[in-house]
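The block underneath contains the structure these notes are about, expressed in C-alpha cells.
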Amino acid sequence: MRISIDLNDPLPVFAQLISQIRAGVQCGELKPGAALPPIRQLAADLQINPNTVAKAYSLLERDGVIDVRGRRGCFVHRDGRKHSKVDLASKATSALSQSIAGLRALGLTDSEIRIAFTHVMRG
Amino acid sequence: MNFSAPTVLVTTVFAAQILVLSVLVPYQFHKAYSRLKERYPPSAYPRLYPVAPGKGQRFNAILLVVRLLIVTASTAIFAVDLVEGHGPVALARTMICVTLAQAVPALVWLIWQQRMARAFRAMPAPPVRSAELRPSRLTDFVPLPVIAAGIAGPVVSLVSAIALYRTDPDQLRVIALYVLVVSGWLVLRMLMALRAPGSMPRPDPYMTDADVFRARRQRLRVLFVVSAVMGVAFTLILLFQAGRLPVDIVAISIGCSILYQLVLLGTTRVVLRRLAVRDASVYRAEAT
C-alpha cells in the first residue's frame, strides 16, 4: 500500500498518516498482523520528522488499530479492522457540538465559549 | 636494465595500473556524464545540477591537470628505476607509492561527490510525497552470503588482532589498535544497517522510489563488501606483521595493485550502470 502526504493540505501530517493507515486497515489492504515500516524508515521515505510518524503510530496504537511490539516493529492489530471503524475524533466532535449547542441555548456568546474552552484545556 | 620475470611482471602490472586508474576509469566517467548532460540538459533539468556548471568544469579541469602530473611523474620515476637496473623489490615499492599517489584524485573526486550530495539533499522537497507502507529488510538490498561475509570479515580481523597482540604486543600495538577501531566501527555500522536498513535518508527529495531503492542498495552493498575485503586485508596484514605469513613485498605489491584495479573497475561499472538507468525526468524544471 502506498501512503502519501501533502504539506499544502490544512490537515496536519500526522492526521493524514492516521487517516490513510486507518483507511488501509478498514478496506483490508493492510491485513491483521501485517508489518508496518519502522518510524525512521517511514520518516526518511516521506522526508518528515520521525516524531510526526511516532505521534501517528502512538495514536493508532491507542485506538487499537496497530500494535507496537517494541524492537520487533509495528503491526496491524488483529482486531484492527473493527477498531478502525471507531472514530474517536468524530465522537469528540459530536460531544462538543452538543455541549456548545447547550451553552448557546443558555445565552453564552461564541467568544465566551471559546474562552471557557481554552481555560478548561489549559487545566 | 633487468629483464627477469618478476621485473617484467611488475612492469606489466604497473602499466595496467596507470592505464586503468588514470586513463580508462576517468574517461568512462567523463563519457557517462557527457551522455547524461546530452540526455538531460541543465537548462531543462536544473534540479539535476544543484552545483553551478562553471564550478564543475573548473573542478574537472583541475582534476585533469593533477592526474596528468601524477601520471607523468610516476611513469618517469618508474622508467628511471627500470633503466638504472633496479630489482623487482625497488620497482614494487615504487608501484605502491604510485598507487597511493593515484588514489589522491579519487579522494578529491569523493570530496566533490560529498559536496554534490549535500547540494542535492539541500533542495526544497516537493509538498506532495509518497512512500510504500512496507518495512524494508536487509535481504531486500544485500544477498545473504554478502551479509555473512561482511560480518565475518571484521569479526575475524578483530579476533586476529586480539590473538596476535597477545603474542607480540610491542610489534603489533599500533596496527592492532587501528584494526580494532576500524573493524569495530564497521561492525557497528552493519548492526545499525541490520536494524533499520530502510532508514537511510533519501539522496535527494526528487529522486524516484526505484532510484532511491538502488541508491540504498548500492550503499549497503558497498558497506558489506568493503567490510569483507577490509576484514580479510586486515587479517593478512596482521599475519604479515607478526611474521606468520611468508610473502615477499613483490607478491604483495602486485596483489594489491591488481585488487585495487579490479575493485575500481567493478565500482565504476556499478556506478555508471546506475547512472545510465537513472530516471531523471523528475528533475525537469516544471515537474513537481
(request) Mind counting the residues in the stretch B:138-178 that are at pLDDT below 90 and under 20 Å from B:V212 (Cα atoms)? (result) 0
(request) Please tell me if B:Y178 is away from chain A (no Cβ under 14 Å) and among the aromatic types (F, W, Y). (result) yes
(message) Anything in the stretch B:111-149 that is in a helix (DSSP H, G or I), of a type outside the set (D, E, K, R) and under 22 Å from B:L48 (Cβ atoms)? List them, or say none.
(response) B:I111, B:W112, B:Q113, B:Q114, B:M116, B:A117, B:A119, B:F120
(request) Name every residue in the stretch B:83-95 that is aliphatic (A, V, I, L, M), buried (at least 16 other Cβ atoms within 10 Å of the Cβ) and either touching a residue at least 40 places away in the same chain (Cβ under 8 Å) or in contact with a strand residue (DSSP E or B) (Cβ under 6 Å, 6 or more places away or on another chain) (or both), in order of residue number. (result) B:L91, B:A92, B:M95
(message) Need pairs with beta-carbon distance below 6 Å; first residue in contact (Cβ under 8 Å) with a residue 60 or more places away in the chain and within the stretch B:57-82, second part of a helix (DSSP H, G or I); sequence gap 6+ or separate chains.
(response) B:F78/B:F14; B:F78/B:T94
(request) Write out, first by first residue and then by second, each pair whose Cβ atoms fall under 8 Å of each other, whose residues are 6+ apart or on separate chains, and whose first residue, in the stretch B:235-263, is closer than 25 Å to B:D168 by Cβ while the second is hydroxyl-bearing (S, T, Y) and surrounded by 18 or more Cβ atoms within 10 Å (Cβ to Cβ). (result) B:T235/B:S157; B:T235/B:S160; B:L238/B:S157; B:L238/B:S160; B:L239/B:S160; B:C256/B:T99
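For the stretch B:197-215, enumerate the residues that are farther than 27 Å from A:R71 by Cα and assigned to a loop (DSSP other than H, G, I, E, B). Walk me through it before giving the result.
Here is the first cut: in the stretch B:197-215, the residues farther than 27 Å from A:R71 by Cα are B:204-208, B:210-211.
Within the stretch B:197-215, B:D204, B:P205, B:Y206, B:M207, B:T208 meet the criteria.
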(request) Could you list, in sequence order, all residues of the stretch A:1-28 that are farther than 15 Å from B:A131 by Cα and within 7 Å of chain B (Cβ to nearest Cβ)? (result) A:N8
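Quickly run through the stretch B:206-230 and pick out the residues that are facing chain A (nearest Cβ under 10 Å) and either crowded, with 17+ Cβ neighbours inside 10 Å or on the phi > 0 side of the Ramachandran plot (or both). Outline the logic, then answer.
First pass over the stretch B:206-230, keeping only residues facing chain A (nearest Cβ under 10 Å): B:209, B:212, B:216.
Residues satisfying the conditions are B:V212, B:R216.
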(message) Cβ contacts < 7 Å: first residue more than 10 Å from every other protein chain (Cβ to nearest Cβ), restricted to the stretch A:64-75; second residue assigned to a loop (DSSP other than H, G, I, E, B) and not basic (K, R), any location; separation 6+ or different chain. Result?
(response) A:G64/A:H77; A:G64/A:D79; A:V65/A:H77; A:I66/A:H77; A:D67/A:H77
(message) Being within 23 Å of the chain's Cα centre (by Cα) and β-branched (V, I, T) is the requirement here; does A:I115 meet it?
(response) no
(message) I want to confirm something. Restricting to the stretch A:29-56 and keeping residues that are within 12 Å of chain B (Cβ to nearest Cβ), of a type in the set (A, V, I, L, M) and in a helix (DSSP H, G or I), which single residue is farthest from B:T208 (Cα to Cα)?
(response) A:A56
(message) Give all pairs with beta carbons closer than 7 Å in which a residue from the stretch B:159-175 that is within 12 Å of B:Q241 (Cα to Cα) meets a residue that is in a helix (DSSP H, G or I) and modelled with pLDDT under 85; count only pairs at least 6 apart in sequence or on separate chains.
(response) B:L164/B:L172; B:Y165/B:L172; B:Q171/B:Q241; B:L172/B:Q241; B:I175/B:Q241
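The values are calculated or read from the model by the stated rules, or taken from the named source; none is laboratory data. Fair warning: this is a prediction, and the values are worked out from it, not measured in the lab. Cβ sites come from the backbone with ideal geometry, for glycine too, and all protein chains shown count toward neighbours.
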